[in-house]
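Accompanying notes for the structure given below.
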Amino acid sequence: MVYINENYLKLKAGYLFPEIARRVAAFAEAHPEARIIRLGIGDVTEPLPSAIVEAMHQAVAEMGRRETFRGYGPEQGYAFLREAIAEHDFRARGADVAPDEIFVSDGSKCDVGNLLDIFDLANRVAVLDPVYPVYVDTNVMAGRTGPADNDGRYPGLVYLSATAENDFQPDLPSEPVDLIYLCYPNNPTGAVASRETLARWVDFALQTGAVILFDAAYEAYIQEPHLPHSIYEIPQARQVAIELRSFSKNAGFTGVRCAYTVVPHSVFGRTRDGQRVPLHALWTRRHTTKFNGVSYIVQRGAAAAYTPEGKQQIGALIDFYMTNARLLREGLTRLGWQVYGGRNAPYLWLKTPGGMSSWQFFDYLLERAHLVGTPGSGFGAAGEGYFRLSAFNSRENILEAVERLAQLPAETAR
Ligand code: MLT
């Protein structure tokens with residue numbers, strides 16, 4: 001009989017979004033007449049920009065001709081894409097990232113989990129709470145924690161609470177940590193990090209020898225020009241930070257799959273006997289051993305995001321979703337709800353009304369308004385009493401959602 005990885009038994013039964021999908025499917029089956037509006041998982045709804053579609057068509061045609069056919073590509077990604085990324089996402093913002101520090105992949109979620117391969121189990125890990133559940137669950141799977149306590153927190157992880165009381169900007173850890181997950185613009189709260197905030201984290205990492213895993217999947221949604229998009233806009237971040245980026249939320253690639261991770265040559269870890277080792281070398285070894293690269297067709301599509309037409313079309317997509325976010329925010333605020341986020345991020349973070357728990361409010365909204373959101377407690381103990389609404393939907397559905405929220409009885413809704 002084979003032994004299993006018992007760490008999996010420490011996890012909550014289901015991953016958050018499949019659990020929501022299960023509850024919604026059960027409701028839909030029981031109420032076939034209900035027109036459910038889904039503002040739960042942050043999945044894009046609008047079609048791919050035409051510049052990207054054309055580039056992918058052309059790449060398909062190349063693959064169909066002997067002279068231009070391609071087999072295995074470079075595991076780290078084609079040079080045309082890595083050069084475009086370095087130029088447009090970093091150098092154009094004054095951040096120093098070289099193409100050979102970029103590793104193209106099939107998604108940030110996968111990268112988040114896979115990165116743990118290169119770090120010792122003894123590392124102490126800090127996460128913000130509420131948190132994108134993948135940061136936590138992958139550490140549980142790896143064996144870095146004990147079983148969850150009654151609040152769903154895992155001993156072995158350091159949780160840094162982000163609530164309305166601290167403006168969703170947690171303090172620096174008061175105990176030693178080695179790996180720090182940061183996500184800005186934040187999923188789920190929609191909070192953003194100023195240059196000063198990021199500089200504080202970078203200083204902390206420099207002083208303590210920690211490494212920051214900086215998830216910037218939502219950077220394209222930043223509206224305020226003074227806010228940094230990349231942690232590498234903070235000069236010394238190149239010594240302490242790995243950055244994850246995705247084409248999912250800007251170019252609409254949730255179903256296409258393409259992302260990348262930046263591992264600068266200047267970030268080091270150490271062996272237990274004190275030898276310094278560049279993380280770039282380890283990640284190269286891991287990536288080239290366990291991954292065969294993203295398809296040529298998809299990488300051509302991703303590269304088209306950086307052409308003038310691609311940029312213009314992506315800008316229009318972001319404007320569309322951010323107008324949705326504004327309509328939701330203004331609508332809810334008018335109704336007297338307490339709303340955070342939604343200004344530089346596609347997520348709104350609400351205080352649940354009437355003292356309802358996050359899951360009670362989930363059921364209430366589904367039953368009374370046929371609206372789906374994400375219970376804050378699904379993102380961690382500090383998310384209890386909060387609720388996330390995503391701005392990814394058609395304009396018609398967003399307006400209808402605001403309308404339905406307005407119909408809820410005032411005493412329970414606000
Ligand atoms: C979310 O809704 O939080 C995201 O869609 C999850 C993800 O990007 O994996």
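A compact table of results
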item	result
For segment 177-330, the spread of Cα positions along each principal axis, largest first, Å	54, 38, 25
Per-residue Cβ neighbour rank within 10 angstrom, fewest leading, Lys249, Lys311	Lys311, Lys249
Ile37, Ile4 arranged by Cβ crowding within 10 Å, fewest neighbours leading	Ile4, Ile37
Cα-based equivalent ellipsoid of segment 243-366: semi-axis lengths in Å, sorted from largest, via gyration tensor	38, 24, 14
Euclidean distance of C-alpha centroids, segment 23-93 and segment 305-328, integer Å	15 Å
Karplus 3J(HN,Hα) series, Hz, for segment 121-138 with 6.51 cos²θ - 1.76 cosθ + 1.60 (x for Gly, Pro)	4, 6, 4, 8, 10, 10, 10, 6, 10, x, 8, 4, x, 4, 4, 6, 4, 5
The chain - percent relative contact order, Cα under 8 Å, separation 6 or more	23 percent
Projected area averaged over orientations for the chain, convex hull of C-alpha atoms, nm²	22.7 nm²
Residue order, fewest to most surrounding Cβ atoms within 10 angstrom, among Asp171, Asp215, Asp273, Asp203	Asp273, Asp171, Asp203, Asp215
For Thr163, distant residues with modelled amide H under 5 Å away	Phe168, Gln169
Around Ala251: net Lys/Arg minus Asp/Glu count, Cβ-Cβ under 13 Å	+1
J(HN,Hα) series, segment 275-284, from Karplus relation 6.51 cos²θ - 1.76 cosθ + 1.60, nearest Hz, glycine and proline x	6, 7, 10, x, 5, 4, 5, 5, 5, 4
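Read-outs throughout are calculated quantities, based only on the coordinates presented, and are distinct from any laboratory measurement. None of the values given here were measured: they were computed from a predicted structure. FYI the Cβ positions are ideal-geometry reconstructions off the backbone, even for glycines, and counts take in every protein chain you see.
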